[in-house]
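First up is the structure itself, then whatever we jot down about it.
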Amino acid sequence: MPLEPLGPTVETIPPEVVIDDVTTILDDSAVMHHLRLVVPAGQITVLMGPSGVGKTTLIKHFVGLLEPSGGTVRIGGRDIWDMGKEADRKSVV
């Protein structure tokens, strides 16, 4: 009978997410300006703040629904916008 792992394995730990110098312009207004954020692999991170500060915009960048006007979004070291098709981006997230 095979043994079950005692904790998370390399395959189950989510990759590191890096927001590097991201600027987002929506309706001619900068809603994010040179944002830098690292979410370490396997860590839980909470986004908190009042309405309108960019939490949803940031999540849209994480999941590949909104391309930043500048900067990069990397998951596991790969820029999600260099991956091409939406299906390829979703395979990483």
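The values are calculated or read from the model by the stated rules, or taken from the named source; none is laboratory data. No experiment lies behind these values; they were computed from the predicted model shown. Glycine gets a Cβ as well: all are built from the backbone with ideal geometry, and neighbour counts include every protein chain shown. Heads up: the accessible areas ignore ligands, DNA and RNA and are worked out on the full protein's heavy atoms, side chains in. Shrake-Rupley method; radii C 1.70, N 1.55, O 1.52, S 1.80 Å.
Check whether at least one residue in region 45-57 is touching a helix residue (DSSP H, G or I) at 6+ places or on another chain (Cβ under 7 Å) and either basic (Lys, Arg) or surrounded by fewer than 11 Cβ atoms within 10 Å (Cβ to Cβ) (or both), and report yes or no.
Taking region 45-57 first, the residues touching a helix residue (DSSP H, G or I) at 6+ places or on another chain (Cβ under 7 Å) are 47, 49.
With the extra rule that they be either basic (Lys, Arg) or surrounded by fewer than 11 Cβ atoms within 10 Å (Cβ to Cβ) (or both), the set shrinks to 49.
Within region 45-57, one or more residues are touching a helix residue (DSSP H, G or I) at 6+ places or on another chain (Cβ under 7 Å) and either basic (Lys, Arg) or surrounded by fewer than 11 Cβ atoms within 10 Å (Cβ to Cβ) (or both).
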Residues that are in contact with a strand residue (DSSP E or B) (Cβ under 6 Å, 6 or more places away or on another chain), open to solvent by less than 40 Å² (accessible area, probe 1.4 Å), modelled with pLDDT of 90 or more and part of a strand (DSSP E or B): does region 58-68 have at least one?
no
Counting only residues in region 77-92 that are more than 20 Å from Leu47 (Cβ to Cβ) and assigned to a loop (DSSP other than H, G, I, E, B), the one modelled with the lowest pLDDT is identified as Lys85
What do you reckon, is Val46 at pLDDT below 95, in contact with a strand residue (DSSP E or B) (Cβ under 7 Å, 6 or more places away or on another chain) and among the aliphatic types (A, V, I, L, M)?
no
When you check Asp21 against the structure, is it open to solvent by less than 90 Å² (accessible area, probe 1.4 Å) and at positive phi, yes or no?
yes
